[in-house]
1. What is the one condition in (1) in contact with a helix residue (DSSP H, G or I) (Cβ under 9 Å, 6 or more places away or on another chain); (2) open to solvent by less than 40 Å² (accessible area, probe 1.4 Å) that Arg63 does not satisfy?
2. Tell me, please, whether a residue that is farther than 23 Å from Ile1 by Cβ, in contact (Cβ under 8 Å) with a residue 60 or more places away in the chain, under 15 Å from the mean Cα position of the chain (by Cα) and open to solvent by less than 90 Å² (accessible area, probe 1.4 Å) can be found in the range 37-59.
3. I want to confirm something. Restricting to the range 155-168 and keeping residues that are under 17 Å from Ser201 (Cβ atoms) and small (Gly, Ala, Ser), which single residue is surrounded by the fewest Cβ atoms within 10 Å (Cβ to Cβ)?
4. Name, by its number, the condition in (1) in contact with an Asp or Glu (Cβ under 8 Å, 6 or more places away or on another chain); (2) of a type outside the set (Ser, Thr, Tyr); (3) at pLDDT 90 or above; (4) not in a helix (DSSP H, G or I) that does not hold for Cys192.
5. Six or more apart or on different chains, Cβ atoms under 6 Å: show the pairs whose first residue is in the range 10-35 and under 12 Å from Tyr58 (Cα atoms) and whose second is of a type in the set (A, V, I, L, M).
6. Against the condition within 19 Å of the chain's Cα centre (by Cα), of a type outside the set (Phe, Trp, Tyr) and surrounded by fewer than 18 Cβ atoms within 10 Å (Cβ to Cβ), how does Arg107 come out, does it pass?
7. Filter the range 10-33 down to residues that are out of contact with any helix residue (DSSP H, G or I) (no Cβ under 9 Å at 6 or more places or on another chain) and under 13 Å from Tyr66 (Cα atoms) and give me whichever is most open to solvent (accessible area, probe 1.4 Å).
8. Name every residue in the range 162-193 that is within 27 Å of Ala85 (Cβ to Cβ) and free of Cβ contacts under 8 Å to residues at least 24 places away in the same chain, in order of residue number.
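The values are calculated or read from the model by the stated rules, or taken from the named source; none is laboratory data. Because the structure is a prediction, the values reported are computed rather than measured. Note: ideal-geometry Cβ built from the backbone for every residue, glycine included; neighbour counts use all protein chains shown. What goes into the accessible areas is simple: the full protein's heavy atoms, side chains included, and nothing from ligands, DNA or RNA. Shrake-Rupley method; radii C 1.70, N 1.55, O 1.52, S 1.80 Å.
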Amino acid sequence: IERSSNIGMTKVVMPHLEYPQQFKECLTEIGFFEPMNLHIAGERVPRIRNLGNSNWDYIDASRMTYGYATEIPPIYTLSIYNAIANGGKMVRPRFVKAELKDGMVLREFPTEVIKERICKPSTLRDIQYCLEHVVSGGLGKKAGNGGKLFKVSGKTGTAQFSENGSYAGRKYMVSFCGYFPSDEPKYSCIVCIKKQGLPASGG
């Protein structure tokens, strides 16, 4: 994970993807495919190619482990990272806390919990450990500050994307998603940049 090894991710994840329907049910259970209902134009739900149907194959599964064969809106990725920072509790992103008029609160928008716990506490600790080490010793070092002020946790992402079914244009989406301070998180964020040509790296 620190070094963003596609081969490493495939070797770790593939033994657990023998039953794609089970995997889909797990993602469904944490609300991963539910609309966020954020009232933003063009809002979409995540898609994982052929997940849980008869066309699912080893190639789709292996590429999915490192982010290909998927269409995940950034707000969903951020929601998962926010849940990791939030002790496993996944909440709906909120852009407005309250509606005011002449200084008076007309309507409040409370925090909505999507899932109380997205995984076991032991799994959460392992993920938090990995994400902290991506920044302290891996490809995400530029997202940190050398640990001088506070620790940052997160993960880089680099994906080539196709247009009109072709990868010929060498267009990339580079990203970083994470949270800070690692020990007592207060903020989570995601940065995504479309880039043409190499070099291209979320790091």
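1. Every listed condition holds for Arg63 apart from (2).
2. No, the range 37-59 contains no residue that is farther than 23 Å from Ile1 by Cβ, in contact (Cβ under 8 Å) with a residue 60 or more places away in the chain, under 15 Å from the mean Cα position of the chain (by Cα) and open to solvent by less than 90 Å² (accessible area, probe 1.4 Å).
3. Ala159
4. (1)
5. Close Cβ pairs satisfying both conditions: Leu17/Ala61; Pro20/Leu51.
6. So Arg107 fails the test.
7. The selected residue is Lys11.
8. Selection gives Met173, Glu184, Lys186, Tyr187, Val191, Ile193.
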